[in-house]
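Notes to accompany the following structure.
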Amino acid sequence: MEKLVSLAKRRGFVFQSSEIYGGLGSVWDYGPLGVELKKNIKERWWRSMVHEREDIEGLDAAILMHPKVWEASGHVAGFTDPLVDCKQCKNRFRADDPRLKGPPGDPNTKCPVCGNKGTLTAPRMFNLMFKTFMGPVEEQAAVIYLRPETAQGIYVNYLNVLQSSRQKIPFGIAQIGKAFRNEITPGNFIFRTREFEQMEMQFFVKPGSDGEWFEFWRAERFKWLQGLGIRAERLRWHQHGKDELAHYAKDAYDIEYEFPFGWQEFEGIHNRTDFDLSRHQEHSGKKLEYVDTATNERFVPYVIETSAGADRTALVVMCDAYHEDDVEGEKRVVLRFRPSLAPLKAAVFPLVNKDGMPELARKLYDALRGQFNVFYDDGGSIGRRYRRQDEAGTPFGITVDGQSTQDGTVTVRDRDTLKQDRVDSGRLVDYLRDKLAG
Ligand code: GAP
């Protein structure tokens, strides 16, 4: 994992937030390549969820919501983790932290950081929602929360979307947006952070058909992930046992990936029943029933949720793409992104900075820039320039050499096979478009 974190910084994927001030715990910034990678993942998700489906609408609800939303959803009362403090070294742990050997509060249990016995407090419940104040007065009545999940923005807009889009059940609402959780023990790079992005879709169905739709969305989501090029053997399902189910869920499956730090979930499919809509109906006093005009039946829909973290999915894609190869006795680090996800699609290099090569390379770069995200690099040996782009996961390296200035052809190096094709520069856009389609 350290190797990936260091590559992510070196190549401009991810930086620690506020690094020049010593960093802010578990908050990360996406650099030039990281923002492209995450955007490609989000766009692919949006296309498959919203544009390619007749029965799903998009939404972008605000992060700040009426505080009653979080009372209704159960987050004020129940979105808590058991927290344990070490009185000696002041470190904090979740009570279920596997490093704690023995019950916290027990005089024989050791602190996993300072090693002292009996210094851990008994667990106390800690709410994970970030609080802030709305308006100029910092008083209890002005408390609002940064949303800990995007889903609630969808539930409170369910009727607005239903009526304005003229959808009929079954139908869904999809949203991508920031969520915030004051995690007690965040970590593992961008795996668990305090500010992150979710890609969530809530599918509203008739009670009784929820089991079938649950299975449908499980299959769809797995297919989508395989389409990202993630190795199937590193993916698995985990069904929540009774003790793991969230307060709203009747059934839930996690999709787990085998990260360098072990199997961990990065997406969940949840059968949330009518819990959320019923609670909002109760707390707002506004009817959220669906009326089936064909049968005159009235019911509060059940919800099947697909909930993925954009950051965690980006981490999965990065971990899965990371390879160390041996090329002619030299180690090469390469990110084998699927071309459609790669932040940069191609890099253009003049072989040497003379004999008309830089001018031709620049001209090509300018022509390609309007079509693809491409990079120009004329610094250092051609070998070093290739290696830098391998680390960035750029699928194609286009080199302008002596022959190019004679006949207008260039070499195109494939990141994975290392094979070089000689391509007429006039055909380059079509050539790349074909190759990038995957
Ligand atoms: N609306 C349901 C919900 O929020 P969740 O399992 O708590 O369910 C869904 O979160 C997804 O959001 C997770 O699978 C994960 O990818 C992402 N996620 C949750 N907490 C996160 C955190 N602290 N840092 C990064 N991603 C997180």
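The values are calculated or read from the model by the stated rules, or taken from the named source; none is laboratory data. No experiment lies behind these values; they were computed from the predicted model shown. In this analysis, Cβ positions are derived from the backbone assuming ideal geometry, glycine residues included, and neighbour counts consider all displayed protein chains. For the accessible areas, the whole protein counts, side chains as well, though only heavy atoms, and no ligand, DNA or RNA atoms are used. Shrake-Rupley method; radii C 1.70, N 1.55, O 1.52, S 1.80 Å.
Of note:
- Surface accessible to a 1.4 Å probe, Y302 within the full protein complex, Å²: 50
- Computed with a 1.4 Å probe over protein heavy atoms only, the accessible surface of the chain comes to 48 Å² per residue.
- Only Cα pairs under 8 Å and 6+ residues apart enter the sum, and on that basis the relative contact order of the chain stands at 12 percent.
- Here is how the number arises for the chain: DSSP H runs of 4 or more residues each give -39500 (n - 2.57), the sum is divided by the residue count, and the result at 222 nm is -8500 deg cm²/dmol.
- Of the trypsin sites (Lys or Arg not before Pro) in the range 323-397, those whose Cβ has at most 13 other Cβ within 10 Å and which sit in DSSP loop: K354
- Residues in the range 305-325 reached by a label modelled at R234 [backbone nitrogen below 11 Å; 7 Å Cα→Cβ]: 315-324
- Its alpha carbons considered, the range 1-157 gives a radius of gyration followed by a Dmax of 20.8, 60 Å.
- Distance in nm between pseudo-label sites at N108 and R298 (7 Å out along the Cβ direction from Cα): 6.2
- Share of Cα-Cα pairs in the range 336-390 lying beyond 17 Å, as whole percent: 40
- Once you reduce the range 358-411 and the range 136-158 to the center of their Cα atoms, the two points are 49 Å from each other.
- Approximate shape of the range 289-418 as ellipsoid semi-axes (Cα gyration tensor, √5λ), whole Å, largest first: 46, 20, 10
- Protein heavy-atom surface of the range 197-354, 1.4 angstrom probe: 46% of the accessible area is carbon and sulfur, with nucleic acids and ligands not counted.
- Plainly put, the range 164-240 has a radius of gyration that is 1.03 times its Kirkwood radius, both from alpha-carbon atoms, as the Rg/Rh ratio.
- Semi-axis lengths, Å, the range 214-293, gyration tensor of Cα atoms, sqrt of 5 times eigenvalues: 32, 16, 10
- Three-way shape call for the range 103-241 based on the alpha-carbon gyration tensor, with the a/c threshold at 1.5: oblate
- Under 5 Å, built H, 5+ apart or other chain: amide partners of D251: N271
- Taking only the C-alpha atoms of the range 223-353, Rg followed by Dmax gives 22.4, 76 Å.
- Label point 7 Å beyond Cα of D355 along Cβ direction - residues of the range 382-410 with amide nitrogen under 17 Å: 382-383, 399-410
- Applying both filters, DSSP loop and at most 16 other Cβ atoms within 10 Å, to the chymotrypsin sites (Phe, Trp or Tyr not before Pro) of the range 118-165 gives F130.
- Computed P(r) (all Cα pairs; the chain; 10 Å bins; percent): 4, 17, 25, 23, 16, 10, 4, 1, 0
- Projected over all directions and averaged, the alpha-carbon convex hull of the range 64-150 occupies 7.1 nm².
- Global geometry of the range 30-92, whether rounded, prolate or oblate, following the gyration tensor of its Cα atoms and the 1.5 cut on a/c: oblate
- Placing a pseudo-label 7 Å from each Cα along the Cα-to-Cβ vector at H283 and S165 gives an inter-label distance of 2.3 nm.
- Cysteines having no other Cys beta carbon under 4.7 Å from their own, within the chain: C319
- Euclidean distance of C-alpha centroids, the range 169-200 and the range 204-236, integer Å: 19
- Our coupling estimate for the range 304-309, obtained by passing each phi through the Karplus curve with A = 6.51, B = -1.76, C = 1.60 and θ = phi - 60°, is 9, 10, 10, 10, 10, x Hz, Gly and Pro reported as x.
- Once the chain from D424 to A62 is taken as fully extended at 0.36 nm per residue, the excess over their C-alpha distance is 125.4 nm.
- Fraction of accessible area attributable to carbon and sulfur, the range 3-108 (%, probe 1.4 Å): 53
- Under DSSP loop assignment and at most 10 Cβ neighbours within 10 Å, longest GluC sites (Glu not before Pro)-free interval of the chain: 140-327
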